[in-house]
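Student: Take this structure, written in structure tokens, and hold onto it; I'll ask about it next.
The values are calculated or read from the model by the stated rules, or taken from the named source; none is laboratory data. Just so it is clear, the structure is predicted and the values come from calculations on it, not from any experiment. In this analysis, Cβ positions are derived from the backbone assuming ideal geometry, glycine residues included, and neighbour counts consider all displayed protein chains. SASA here: full protein model, heavy atoms, side chains in, ligands and nucleic acids out. Shrake-Rupley method; radii C 1.70, N 1.55, O 1.52, S 1.80 Å.
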Amino acid sequence: MMSDYILPFLDFLQKEMLLFASLFFLIGSLDDLIFDGLWISHRLKRKLFVYSRHKRATVENLSGAAPGSRLAIFVPAWKEAPVIGAMLVRCLQQWTSSAYRIYVGCYPNDAETIAAVANASSGTENVRLVICHHNGPTTKADCLNHLWDALCRDEIEENAKYAAVVLHDAEDLVHPDALKLFEHLIGRAALVQLPVIPRRAKGSRWVAGHYGDEFAELHGKQMVMREALGASIPSAGVGCAFARDNLQSLASRTQGKPFDAESMTEDYELGINLTDGEARGIFARLRDQNGQLVATQEFFPEKLQDAVRQKSRWMAGISLSGWDRLGWKNSWRENWMRLRDRKASFSAIVLAIAYAAAVLTLILLLADLSGVYQLQPVSEFLQTSLWINTGFLAWRLMVKSYFVFILYGLREALLSIPRTAVANFINILAAWRAIGHYVDQLAGRPTNWEKTRHFYPDSDNVRELKPNYPFSERRR
């Protein structure tokens, strides 16, 4: 009975699913291959015609800030008592310049975080505690808008103007020279984004580790080429500086609120909106005299459910609602980059179909080996496409491993290959959850601030992915 009806149907379904997945993998792989080719060409051009004649600059060689140039660092905080104090103390110790102020946004019903901020900032004027008007959590954008209001009031009262607004999270490890780099570049662009380097908690080699794989390639290739192609630069939400005048211009069109509280990815959208058109965005990959990137390090979720929750918000905000909220532009470069941003959810669904086809293949092979059913042959076209996709997969794994090797070393580069399956599983689960988020947004349900547990390296439960790479806790 099973061999007469069910197994033939499963055989037919398996081949249709393989064909569907393989065709879309071919399209996506060709897109990636073209992008990789452009990146390789860009790297060779700079090596042959730029760095052969000019010595690579380091952050120490940069000119100082212009007189009166001040930076405002915005740190939204909800239930961040375990990490915010250490983060603030570290920043205050390593930033010797007084031309900055850290604005920390807290909520009236979060007394522990308020106490931690007050304790860490005692005796300094470089930290400003801002209490939001409503109990938390609201949204991250709402908290940032409260900080913006506080900044504008301070400028009026002190008769001083800030050059830029820098975004950071409460758990960030900020490079000692990050402010110097922002001060040097912000007069040339509406947005300056520094690389983000994920670190992980002990015992989370697979879940937290896959963020390192993704960001190594994202901030080693994707963002570099976006700037080279002249496309808009999305903000990562941390380690980024927005020109204050550009934020003011945007705020004047949005009832004085530059951060969109209705967006699930307000940082991404803000970067796109500010650097779309004539305004320029800079992705700054600069090293210090020790050869280390001026970057922002932070710890990403160590548990599966936290990673799925975080990535589902990214997918819903960028891949789904981004189509509605940001639309498309009259530029092939810009539309290509936006399409690459937005294909994540669909790619995850295609991956789910491919994995389901693989399971069916295993079932049918077992049935064939046991003599219950004779597996039907695969068409020549499907065989060819599967072999081509295998080659593309090998190339994709090699490229990703290269970027992981550059950032974290050989061991992590090798681990990134099997970790791809973990990343795919997380992305599949996140895609289904993102669809639910998107439906809720279409139905008009309010956006909530979904929190994940944060770490700071003062505790014993964290480790660096590559001990000899991330910048030390103190300048040497």
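Student: When the residues of region 163-193 are filtered to those that are in contact with a helix residue (DSSP H, G or I) (Cβ under 8 Å, 6 or more places away or on another chain) and among the charged types (D, E, K, R), which remaining residue is most open to solvent (accessible area, probe 1.4 Å)?
Tutor: Among those residues, the one meeting the criterion is Lys180.
Let's see how each residue does on (1) touching a strand residue (DSSP E or B) at 6+ places or on another chain (Cβ under 8 Å); (2) within 20 Å of Leu339 (Cβ to Cβ); (3) in contact (Cβ under 8 Å) with a residue 40 or more places away in the chain; (4) not hydrophobic (A, V, I, L, M, F, W, C):
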position	(1), (2), (3), (4)
Arg199	yes, no, yes, yes
His210	no, no, yes, yes
His219	yes, yes, yes, yes
Ala236	yes, yes, yes, no
Lys257	no, no, yes, yes
Asp260	no, no, yes, yes
Ile272	no, yes, yes, no
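Student: Go through the residues of region 140-158 one by one and say whether even a single one is part of a loop (DSSP other than H, G, I, E, B) and open to solvent by 20 Å² or more (accessible area, probe 1.4 Å). Don't jump to the end; show me each part of the working.
Tutor: Of all residues in region 140-158, those part of a loop (DSSP other than H, G, I, E, B) come to none.
No, because not a single residue in region 140-158 is part of a loop (DSSP other than H, G, I, E, B) and open to solvent by 20 Å² or more (accessible area, probe 1.4 Å).
Listed here are the residues, each with its yes/no results for (1) touching a residue at least 60 places away in the same chain (Cβ under 8 Å); (2) closer than 20 Å to Leu19 by Cβ; (3) in contact with a Leu (Cβ under 7 Å, 6 or more places away or on another chain).
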| position | (1), (2), (3) |
| --- | --- |
| Ile388 | yes, yes, yes |
| Val399 | yes, no, no |
| Phe403 | yes, no, no |
| Glu412 | yes, no, yes |
| Ile417 | no, no, yes |
| Ala423 | yes, no, no |
| Ala430 | yes, no, no |
| Gln441 | yes, no, no |
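Student: Continuing with this model, one more query. Condition check: buried (at least 20 other Cβ atoms within 10 Å of the Cβ) and either in contact with a helix residue (DSSP H, G or I) (Cβ under 9 Å, 6 or more places away or on another chain) or among the hydroxyl-bearing types (Ser, Thr, Tyr) (or both). Does Val196 satisfy that?
Tutor: Numbers: buried (at least 20 other Cβ atoms within 10 Å of the Cβ): yes; either in contact with a helix residue (DSSP H, G or I) (Cβ under 9 Å, 6 or more places away or on another chain) or among the hydroxyl-bearing types (Ser, Thr, Tyr) (or both): yes.
It is true that Val196 is buried (at least 20 other Cβ atoms within 10 Å of the Cβ) and either in contact with a helix residue (DSSP H, G or I) (Cβ under 9 Å, 6 or more places away or on another chain) or among the hydroxyl-bearing types (Ser, Thr, Tyr) (or both).
Student: So which residues in region 265-306 are outside any loop (DSSP other than H, G, I, E, B) and among the aliphatic types (A, V, I, L, M)? Can you show your working first?
Tutor: Step one: filter region 265-306 for residues outside any loop (DSSP other than H, G, I, E, B), giving 266-275, 281-283, 287, 293, 296-299, 304-306.
Selection gives Leu270, Ile272, Leu274, Ile282, Leu293, Leu304.
Student: Tell me yes or no: at least one residue of region 215-222 is in a loop (DSSP other than H, G, I, E, B) and charged (D, E, K, R). I'd like the intermediate steps shown before the answer.
Tutor: Just the residues of region 215-222 that are in a loop (DSSP other than H, G, I, E, B), to begin with: none.
No; the residues of region 215-222 include none that is in a loop (DSSP other than H, G, I, E, B) and charged (D, E, K, R).
Student: Please count how many residues of region 21-62 are of a type in the set (Lys, Arg) and either on the phi > 0 side of the Ramachandran plot or in a loop (DSSP other than H, G, I, E, B) (or both). Even if it seems obvious, please write down each step before you answer.
Tutor: So in region 21-62, the residues of a type in the set (Lys, Arg) come out as 43, 45-47, 53, 55-56.
Of the ones still in play, those that are also either on the phi > 0 side of the Ramachandran plot or in a loop (DSSP other than H, G, I, E, B) (or both) are 53, 55-56.
Residues flagged as of a type in the set (Lys, Arg) and either on the phi > 0 side of the Ramachandran plot or in a loop (DSSP other than H, G, I, E, B) (or both) within region 21-62 amount to 3.
Student: If a residue has to be open to solvent by less than 60 Å² (accessible area, probe 1.4 Å), among the hydrophobic types (A, V, I, L, M, F, W, C) and under 14 Å from Trp314 (Cα atoms) to count, how many in region 410-434 make the cut?
Tutor: Residues of region 410-434 that are open to solvent by less than 60 Å² (accessible area, probe 1.4 Å), as a first pass: 412-413, 415-416, 419-424, 426-428, 430-431, 434.
Filter once more, keeping what is among the hydrophobic types (A, V, I, L, M, F, W, C): 413, 415, 421-423, 426, 428, 430-431, 434.
If we keep only those that are under 14 Å from Trp314 (Cα atoms) as well, we get 426, 428, 430-431, 434.
The qualifying residues number 5.
Student: Moving to a separate point now. Right, Ser331: open to solvent by 20 Å² or more (accessible area, probe 1.4 Å), at pLDDT 90 or above, more than 18 Å from the chain's Cα centre (by Cα) and hydroxyl-bearing (Ser, Thr, Tyr) or not?
Tutor: Details: open to solvent by 20 Å² or more (accessible area, probe 1.4 Å): yes; at pLDDT 90 or above: yes; more than 18 Å from the chain's Cα centre (by Cα): yes; hydroxyl-bearing (Ser, Thr, Tyr): yes.
Taking the combined requirement at face value, the residue satisfies it.
Student: Just to be sure I understand, how many residues within region 212-248 are closer than 28 Å to Lys161 by Cα and more than 14 Å from the chain's Cα centre (by Cα)? If you could, list the steps in order and put the result at the bottom.
Tutor: Of region 212-248, the ones closer than 28 Å to Lys161 by Cα are 232-248.
So of that shortlist, the ones also more than 14 Å from the chain's Cα centre (by Cα) come out as 232, 241-248.
Summing the residues that are closer than 28 Å to Lys161 by Cα and more than 14 Å from the chain's Cα centre (by Cα) in region 212-248 gives 9.
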